[in-house]
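FYI, it's all coordinate maths here, none of it is from the lab. Since the model is a prediction, treat every value here as computed from it, not as a measurement. Don't worry about glycine lacking a Cβ; one is built from the backbone with ideal geometry, like all the others, and counts go over all protein chains shown.
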Amino acid sequence: MSPTNSADMYTDPSLFPGVDVYAVVGNPIGHSKSPVIHQRFAEQAKQKIYYGRIRAELGGFTAAAKSFFAAGGKGLNVTVPFKLDAQEYAEVLTPRAQLAGAVNTLYIHNGKILGDNTDGAGLVRDLLAQGIHIQGARILLLGAGGAARGVIGPLLEQCPKQLMIANRSSAKAGDLVRLFEGLAKTHGVEMTSHSLITLEDQEKIRSPFELVINATAAGLSDESPLSAQAAHNIFSPSSFAYDMVYGKTTTFMQQALQRGARVSDGLGMLVEQAADAFLIWRGAELSQAIDPRLVLAELRS
Ligand code: ATR
């Protein structure tokens, strides 16, 4: 019998006696790369696991997660649109999940459902692996939704010089600055908020930036959050433009390339956040056994 019913993509842990079962929950979920990434980590670390996919109905996350854990499932990754539902479902949150306001990793710890968030750590590790100096850098973060909030804490901990958040709605960017101002102060980071339109005014923003991260949902619909003038202002050949979307050269990335900047999509972040989740579930001592950069290279080839 096929372990995963492709009609409803439900991974039932009780079908795998003696094997630790994990899954990613989302909607849609059919094209998720998480199963292949985790199976590769398991092979590298000589761990016997099964990692499947669960497509939950909107409003059906808690029921899906409950039945997964009740059937003996060991851990879940959570993706769009359920990261807030996962935070509510978790009985205990790690400090970084609290700060992110979202959960992408669930497992049972001391008899309780624990919620963590590995997205920001994944982004930082991917940036460092690509040779980007975050410490002392001037960073522009585009977007103020869940994806942006999830990475602010780990970015601040790297002590950049400045973190500017620009969003279509500047009020939402301001809310995030207020939420993180204590952490920014602790790490000596100057944090500011602006509307996307302000990026067209060179004097107001002291551009260009060394690192520009697109955490808006614009890339999903082939749009860029940046007008031509804003892109002209913020990118220079010494900029690095990172789009959290993966699998294509987005309009945002094309704008950066036109200014001579280096670019990256978010596939490395996906692999690195998965590596963090794998080590949380299977044991930090396996960190030397897995090679996320090799898995990333395999996915790209
Ligand atoms: P996510 O969890 O992916 O961050 P979200 O919380 O709905 O999703 O946030 C979407 C983000 O993308 C927001 O910052 C949104 O801007 P607004 O807060 O002003 O709505 C941004 N966004 C979405 N489409 C965009 C577009 N076409 N141009 C610019 N920003 C866009």
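A few comments on the model shown:
- Considering all C-alpha pairs of segment 121-265, those separated by over 28 Å amount to 7%.
- With R₀ set to 30 Å, the beta-carbon distance separating GLU88 from SER195 gives a calculated FRET efficiency near 0.50.
- Backbone amide hydrogens, once placed in the peptide plane, bring ALA261 within less than 5 Å of nothing, excluding anything fewer than 5 places away on its chain.
- Likely footprinting exposure, LYS46, LYS204, fewest C-beta neighbours within 10 Å first: LYS46, LYS204
- Debye log10 I(q)/I(0) at q = 0.15, 0.25, 0.28 Å⁻¹ for segment 38-109, Cα point scatterers: -0.54, -1.18, -1.31
- Label separation (HIS109 vs GLU298): 2.8 nm, computed from points 7 Å beyond Cα along the C-beta direction.
- Between CYS159 and LEU220, the simple label model (points 7 Å from Cα in the Cβ direction) yields a spacing of 3.7 nm.
- Kirkwood hydrodynamic radius of segment 247-301, Cα pairs, Å: 12.9
- Orientation-averaged projected area, Cα convex hull of segment 91-188 (nm²): 6.7
- Distance between modelled label sites at LYS204 and GLN254, nm, 7 Å Cα→Cβ extension: 2.7
- Two tests apply to each whole DSSP H helix in the chain, Cα reach of 20 Å or more along its axis and mean Kyte-Doolittle hydropathy of at least -0.5, and the ones passing both are 170-186, 267-282.
- Likely footprinting exposure, GLU157, GLU210, GLU43, fewest C-beta neighbours within 10 Å first: GLU43, GLU157, GLU210
- Semi-axes of the equivalent ellipsoid for the chain, Cα gyration tensor, largest first, Å: 35, 20, 18
- Taking the fewest neighbouring Cβ atoms within 10 Å as the starting point, the ordered list for ARG96, ARG125 is ARG96, ARG125.
- Under 5 Å from the amide H of SER236 lie the amide H atoms of PHE209, each residue being 5 or more positions distant or on a separate chain, with H modelled from the backbone and absent for Pro and chain starts.
- Cα-based equivalent ellipsoid, segment 140-224: semi-axes from gyration tensor eigenvalues, Å: 19, 15, 12
- For segment 121-265, lysine pairs separated by 8 or more sequence positions, or belonging to different chains, with Cα-Cα distances below 27 Å total 6.
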